1. Which value in nm describes the separation of the simple spin-label points at ASN135 and HIS96, placed 7 Å from the Cα toward the beta carbon?
2. Would you list which aspartates and glutamates come within 18 Å of LYS186, measuring only between C-alpha atoms, while excluding same-chain residues fewer than 8 positions from it?
3. Send over a whole-number figure in Å² for the accessible area per residue of the range 63-133, probe 1.4 Å.
4. How far, in degrees from 0 to 90, does helix 110-139 lean away from the longest principal axis of the Cα atoms of the chain, to the nearest 10?
5. What does the charge dipole of the chain about its Cα centre add up to, to the nearest 20 debye, if the Cβ of each Lys and Arg holds +1 and the Cβ of each Asp and Glu holds -1?
6. Could you state, as a whole-number percent, how many of the C-alpha pairs of the chain are farther apart than 24 Å?
7. Subtract the Cα-Cα distance of ALA32 and TRP75 from 0.36 nm times their separation in residues, and report this length gain in nm to one decimal.
8. Contour minus end-to-end for GLU64 and ASP15, with contour as 0.36 nm per residue of separation and end-to-end as the Cα-Cα distance?
Amino acid sequence: MTLLDLDRRTGWPEDMRVLLDLYPREVWPAHANLGRTARFWLKRHDMFRELGGALQSATAQFREGLITPSEFQGWFAPRLQFFLSGLNDHHHIEDHAYFPLFRAAEPRLVRGFEVLENDHDVIHQSIEKVMDAANDLLRNLQKDSLQRSADHYADVSDCLLSGLIRHLDDEEDLIIPLILDRSEEKLGM
Ligand SMILES: [Fe+2]
Ligand SMILES: [Fe+2]
């Protein structure tokens, strides 16, 4: 366990901010080296943030009795499936296609990429818990045990989402400054 674990950190320490200090978030959108791949990748992250938030608010509305079990099931099940499988695919591409390029390009940030890879493992364990809890919730929609299943689902999905938001922010803060400093072409993206 370290201070950089996903559930403990609140951003990067000084030694992982060497490029972020040169390229703070305000300069990203207009920077000439923010290429097509980086823009697409940032949009994927925003999609995960938005869909994660929408799933969370639908769950809250359902638990407050504002939508019926069948309305909830019809909206929720396909979107949760899309969200979780999209996350798995996204992490797979990062671990295997992109992180090796970034590590090789900037040895000073290698520790940061180890942290992000470890985040992916932690998030994957959270995804498994969310899938189990969602299956349990959907099975129990018409049963007396609904309340307990809904409480448990809300707990594990809140944990997934808070970890994911931390991960997305820190991943962008490590990677986008590196892309702006070197360019997508030079990094071999
Ligand atoms: Fe990631
Ligand atoms: Fe990502």
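The values are calculated or read from the model by the stated rules, or taken from the named source; none is laboratory data. Predicted model only: the values in this text are computed from it and were never measured. Note that we place each Cβ from the backbone using ideal geometry, even for glycine, and neighbour counts take in every protein chain shown. To get the accessible areas, we keep the full protein, side chains included, count just its heavy atoms, and leave off ligands, DNA and RNA. Shrake-Rupley method; radii C 1.70, N 1.55, O 1.52, S 1.80 Å.
1. Between ASN135 and HIS96, the simple spin-label model gives 2.4 nm.
2. Cα-Cα hits under 18 Å: GLU94, GLU106.
3. 54
4. Once rounded, one gets 10 degrees.
5. Magnitude of the dipole: close to 380 debye.
6. Of all Cα-Cα pairs in the chain, 44 percent lie more than 24 Å apart.
7. Gain in length upon complete extension: 11.5 nm.
8. 13.1 nm
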